[in-house]
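**Student:** Sharing a structure with you now.
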Amino acid sequence: MYTLSANQYGKGEIHLVRIYRDTPRHEIRDLTVTTALRGDFADAYLSGDQSKVLPTDTQKNTAFAFAKTHGEGAVEDYAIALGRHFVDSDPYATAADIDVLVDAWDRVVIDGAEHDHTWVKRGPERRTVRVVATGTGAEQTVEVTGGVVDLVILKSTGSEFHGFHKDEYTTLGETDDRILATSLDVTWRFSAVPADWDAAFVTIRTALVSTFATWHSLALQQTLWQMGQAALDAVPEIAEVKLTAPNKHHFLYDFTRFTVAQPIPNDNEVFHADDRPYGLIEATVSRA
Ligand SMILES: O=c1[nH]c(=O)c2[nH]c(=O)[nH]c2[nH]1
């Protein structure tokens, strides 16, 4: 009467910190890893037979072990090794999804000199890596998606919004000068392996941020379209960019309602930063 249409299982948000301490100047890598296996696991649900289930606890242990044994390259290399390991070694897994959130730490600077082993967490922005490893041997495919979440960005001018469609419920005023602010979640799908995963991330992030800053915006929609194109221009190894952008509205505070003797001017200087609701603007930009 019913069918188990889909299932997957794994460990959520394995928070692991790897310190590289081969020299007095240590390095830190702060990862939050989520694993998910797909494959011949229906019995675990349908009859309660767990004989094919590699425990999520084991998946967690493997994530920690690989931080040491496969942690020398980029985060992408680590995630690829972990994903491949699960599909190569688990006879019941046909696919493994590895999602990684990377927290950045900035080195403490004392009297102009970077400290060797102390950092301050940057946040909230985090780099993301998603690896989907499917199949084994010659049939194996590995898809890599890079990205960034919670990239909060604001420009105080260079943004307009007017000429929009209006109906009997429209109250929004037109503007040729407003704050444009968002918290970007962006992913980009790799169609080829870049020479340097870290350099690809920096190049794409720079393209996104500088386009947001320099493009004179007629709407957040138009800005996203420009940012997506800039990312594709910057790194040939990516095939598609998905952008999700809440429009973090900043409303000019209305001082004209006050009965003060001297009217208080507000020439785009004082805003109410409204956290919700927000416009939610999304776009996927692909190579034609
Ligand atoms: O850039 C914008 N796009 C919209 O679709 C929209 N709608 C709205 O009320 N403000 C804005 N701003």
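Read the figures in this text as sums done on the coordinates, not as results from a lab. As the structure is a computational prediction, the values presented were derived from the model and not from experiment. With ideal geometry, Cβ positions are generated from the backbone for all residues, glycine too; neighbour counts draw on all protein chains shown.
**Student:** Hey, any idea what Rg/Rh is for region 151-286, computing Rh the Kirkwood way over Cα pairs?
**Tutor:** Reported Rg/Rh (Cα atoms, Kirkwood Rh): 1.08.
**Student:** Further question on the same structure: Round to the nearest 10 and give me the degree value, 0 to 90, for the angle of helix 75-89's Cα axis relative to the longest principal axis of the chain.
**Tutor:** Around 40 degrees separate the two axes.
**Student:** Which Rg and Dmax, in Å, describe the Cα atoms of region 176-218?
**Tutor:** Spelled out, the Cα radius of gyration and Dmax of region 176-218 are 13.6, 43 Å.
**Student:** What do you get for Rg/Rh over region 1-84 if you use C-alpha atoms and the Kirkwood form of Rh?
**Tutor:** Using only Cα positions, Rg/Rh for region 1-84 is 1.12.
**Student:** Rounded to two decimal places and with Rh computed the Kirkwood way over Cα pairs, what is Rg over Rh for region 14-139?
**Tutor:** 1.09
**Student:** Contour minus end-to-end for Ser210 and Lys166, with contour as 0.36 nm per residue of separation and end-to-end as the Cα-Cα distance?
**Tutor:** 12.6 nm
**Student:** If you rank Thr69, Thr62 by fewest surrounding Cβ atoms within 10 Å, what's the result?
**Tutor:** Ascending Cβ contact count within 10 Å gives the list Thr69, Thr62.
**Student:** Something else: For Asp254 and Asp233, what does the FRET efficiency come to when R0 = 41 Å and r is the distance between their Cβ atoms, rounded to the nearest 0.05?
**Tutor:** So, using R0 = 41 Å, E works out to roughly 0.50.
**Student:** Which log10 I(q)/I(0) values does the chain give at q = 0.12, 0.17 Å⁻¹ under the Debye formula, counting every alpha carbon as one identical point scatterer?
**Tutor:** Result of the Debye calculation: -0.92, -1.33.
**Student:** If you don't mind, there's one more thing I want to ask. Amide H of Leu218: which non-local residues (sequence gap of 5 or more, or other chain) have their own amide H closer than 5 Å, using H built in the peptide plane?
**Tutor:** HN-HN under 5 Å from Leu218: Glu160, Thr223.
**Student:** Simple spin-label model, 7 Å along Cα-to-Cβ: Lys121 to Ala288 in nm?
**Tutor:** Result for the modelled spin labels: 4.5 nm.
**Student:** Counting only C-alpha contacts under 8 Å and six or more residues apart, can you give the relative contact order of region 206-288 as a whole percent?
**Tutor:** With pairs under 8 Å counted, the relative contact order is 35 percent.
**Student:** Could you give the length gained by full extension between Glu143 and Leu280, i.e. 0.36 nm per residue of separation minus their alpha carbon distance, to one decimal place?
**Tutor:** Value of the extension gain: 46.6 nm.
**Student:** Excluding Ala234 itself, calculate the net charge of residues whose Cβ lies under 15 Å from the Cβ of Ala234, where each Lys or Arg counts +1 and each Asp or Glu counts -1.
**Tutor:** It works out to a net charge of -2.
**Student:** Where does helix 220-234 land angle-wise versus the long Cα axis of the chain, in degrees 0 to 90, nearest 10?
**Tutor:** 50 degrees
**Student:** Sticking with this structure for a sec: So how many Lys-Lys pairs in the chain land under 18 Å Cα to Cα, not counting same-chain pairs under 8 apart? Don't skip to the end; give the middle numbers.
**Tutor:** Numbers: Lys11/Lys52; Lys11/Lys60; Lys52/Lys60; Lys60/Lys68; Lys155/Lys248.
Close lysine pairs under the 18 Å cut-off: 5.
**Student:** Rounded to whole Å and ordered largest first, report the semi-axes of the equivalent ellipsoid of region 75-213 derived from its Cα gyration tensor (root of 5λ).
**Tutor:** 38, 26, 13
**Student:** Still on this structure, please answer the following. Lys/Arg Cβ at +1, Asp/Glu Cβ at -1, dipole of the chain taken about the Cα centre: which of Leu16, Gln226, Leu184 is farthest positive-ward?
**Tutor:** Going by the charge dipole, the pick is Leu16.
**Student:** If we sort 121-131, 93-103 on the protection proxy, mean other Cβ atoms within 10 Å, highest first, what's the order?
**Tutor:** Packing proxy ranking, top to bottom: 93-103, 121-131.
**Student:** Using a cut-off of under 14 Å, list every residue of region 6-25 whose amide N is near the label point 7 Å from the Cα of Tyr92 along the Cα-to-beta-carbon line.
**Tutor:** Label zone hits: 7-10.
**Student:** Compare the peptides 132-139, 261-268, 164-171 by average per-residue count of other Cβ atoms within 10 angstrom and give them in order, highest first.
**Tutor:** Ranking, from highest mean packing down: 132-139, 261-268, 164-171.
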